[in-house]
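*Asks:* To start, I am sharing the structure in question, which I have written as C-alpha cells.
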Amino acid sequence: MFLTIDGFVKAWEFESTSTQKMLDVLTDESLKQSVKPNDRTLGGLAWHIVTALQSIMGQTGLTFDAPSHHATVPTTANEIADIYRQASQSLIKAIKTQWTDETLTESCNMFGQFEWAKGFSLSMLINHQIHHRGQMTILMRQANLIVPGVYGPAKEEWSQMGMEAPAIL
C-alpha cells in the first residue's frame, strides 16, 4: 500500500515505462495472437491494461482522461500504445492534483465487493499491470516479437550487452 503520492509516482514511472516498452513493441499483426481460439488476444490483453486504468481508479472517485472498459479495441498497435501513454500521464496528473498523502488512507468501495484504502488501490493497479504484462510476454514470443526486459535483460538483450544468456535447465 502506498502511503505517499511521491512513493506511488516513483513506482508508477518505472512500471508504466515498462508497460509502455511492451506496448511499443506490438505490431498490428501481433494483436491477433492468442494461445487458443476464444482466448483473449494480445491486442485484447494490451487494451485491457489500458482500460483498467479507468476501471480500477474510477472506483476511487479519481477523475482523469482514459478510456472505459466499454471502449472499442483499437485496430492498430500504435493507437493502443499512444492511448496508454496519454492515459498514464492523465492518471499521474489527476493523482497529484486531486489527492494528498492523507487521501491515500481513505477507504473506497471497489466494484461493490471490497473496501480498499486508496493507497492500496494504487498498489493493486500496479500489480494488475504486472500480472497482465507477464501474460503478454507469452503471446509476444508466440507472435515472434522481441520481448523487452523489465526487471532484468530479456534473452535477446544479453547478446547486446556482449554476454551469453543464462542457460535454461
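Only the coordinates and a few stated rules stand behind these numbers; no lab work does. Just so it is clear, the structure is predicted and the values come from calculations on it, not from any experiment. When we count neighbours, we look across all protein chains shown, and the Cβ atoms used for this are built from the backbone with ideal geometry, even at glycine.
*Asks:* Provide the gained length on full extension for the span Thr137 to Met163, in nm with one decimal, where the gain is 0.36 nm per separating residue minus the Cα-Cα distance.
*Replies:* Result: 7.2 nm gained on full extension.
*Asks:* Work out, in µm²/s and without decimals, the Stokes-Einstein translational diffusion coefficient of the chain at 37 °C, 0.692 mPa s, Rh from Kirkwood over C-alpha pairs. Before the final figure, lay out each step's value.
*Replies:* On the way: Rh = 17.0 Å.
Diffusion coefficient, whole number: 193 µm²/s.
*Asks:* Follow-up question, since we're still on this one. What is the sum of charges around Asn78, taking Lys and Arg as +1, Asp and Glu as -1, for the other residues whose C-beta is under 11 Å from the C-beta of Asn78?
*Replies:* Working: positive: Arg85; negative: Asp24, Asp28, Glu79, Asp82.
Result for the local shell: -3.
*Asks:* Next up: From the alpha carbon gyration tensor of the stretch 88-169, can you work out the equivalent ellipsoid semi-axes (sqrt of 5 times each eigenvalue) and give them in Å, largest to smallest? If you can, show how the numbers build up before the last one.
*Replies:* Values: eigenvalues 270, 48, 28 Å².
Its equivalent ellipsoid spans semi-axes of 37, 15, 12 Å.
*Asks:* In deg cm²/dmol, rounded to 500, what helix-only [θ] at 222 nm does the chain give when every DSSP H run of at least 4 residues adds -39500 (n - 2.57) and the total is split over its residues? Show your work: numbers first, answer last.
*Replies:* Details: 5 runs with 90 residues, N = 169.
Helix-only estimate at 222 nm: -18000 deg cm²/dmol.
*Asks:* Once you've got the Cα coordinates, tell me which of Lys32/Lys93; Lys36/Lys155; Lys96/Lys118; Lys21/Lys155; Lys10/Lys93 are over 22 Å apart.
*Replies:* On the way: Lys32/Lys93 33 Å; Lys36/Lys155 25 Å; Lys96/Lys118 13 Å; Lys21/Lys155 16 Å; Lys10/Lys93 13 Å.
Too far apart for the 22 Å limit: Lys32/Lys93; Lys36/Lys155.
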